[in-house]
Amino acid sequence: MKTKATGKLLRIFIGENDKYDGKPLFEVIVRKARELGLAGSTVLRGIEGFGASTKIHKLSLIDLSEDLPILIEIVDSEEKILHVIPEIEKLIEKAGCGVLITLESVEVIRYTPKKK
C-alpha cells in the first residue's frame, strides 16, 4: 500500500479466551492476514467491555483475566480486505465464538517500513 491512499480498516472484536484448534484465535487471524500479504495487523487487549451476551468482561485484581475483549485491526486496500474477510469468517465459524466485525474507510497518511 502506498503513502497517501484510501484503504479499509477491518476491525474484529472477539474474546481473549476464544480458541482455534487450541491456539488463541487472535494469533491465528494475525498469521492468516500475514500469510495473505496484508499491509499490517494489530491486536489490542481491552480492560473492560461487553458484547451481545451483555456480560461485562473486565480486568480485576482478583482474577488476572476475565476473558477480556480483544480487538484485531487490519488495514490495507479495499480489494485485499474484501479478499481476507471470507477467510477470517471461516476461522471464526470453526472457533464457534461470538464476534463483531466492522469495516470502515480510512485515509492512509503514511505507510513505510522501519529504516534499518
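Take the residues in segment 78-98 that are out of contact with any Leu (no Cβ under 9 Å at 6 or more places or on another chain) and not in a helix (DSSP H, G or I), then tell me which one is surrounded by the most Cβ atoms within 10 Å (Cβ to Cβ).
Gly98
From the set of residues in segment 26-54 that are out of contact with any strand residue (DSSP E or B) (no Cβ under 6 Å at 6 or more places or on another chain) and among the hydrophobic types (A, V, I, L, M, F, W, C), which is farthest from Pro86 (Cα to Cα)?
Looking at residues that are out of contact with any strand residue (DSSP E or B) (no Cβ under 6 Å at 6 or more places or on another chain) and among the hydrophobic types (A, V, I, L, M, F, W, C), I get Ile47.
Among the residues of segment 10-31 satisfying the criterion of being under 18 Å from Gly51 (Cβ atoms) and assigned to a loop (DSSP other than H, G, I, E, B), which is modelled with the highest pLDDT?
Checking each candidate, the answer is Asp18.
State all residues of segment 99-115 that are in a strand (DSSP E or B), in contact with a Ser or Thr (Cβ under 8 Å, 6 or more places away or on another chain) and of a type in the set (Ser, Thr, Tyr); if no residue qualifies, say none. It would help to see each step written out before you state the result.
Of segment 99-115, the ones in a strand (DSSP E or B) are 100-108.
The next check asks that each one be in contact with a Ser or Thr (Cβ under 8 Å, 6 or more places away or on another chain); those that pass are 105-108.
Within segment 99-115, just Ser105 meets the criteria.
Can you tell me which residues in segment 14-47 are loosely packed, with under 12 Cβ neighbours inside 10 Å and among the β-branched types (Val, Ile, Thr)?
Thr42, Ile47 - these are the residues of segment 14-47 that are loosely packed, with under 12 Cβ neighbours inside 10 Å and among the β-branched types (Val, Ile, Thr).
The values are calculated or read from the model by the stated rules, or taken from the named source; none is laboratory data. Computed from a predicted model, the values in this text were never measured in an experiment. Don't worry about glycine lacking a Cβ; one is built from the backbone with ideal geometry, like all the others, and counts go over all protein chains shown.
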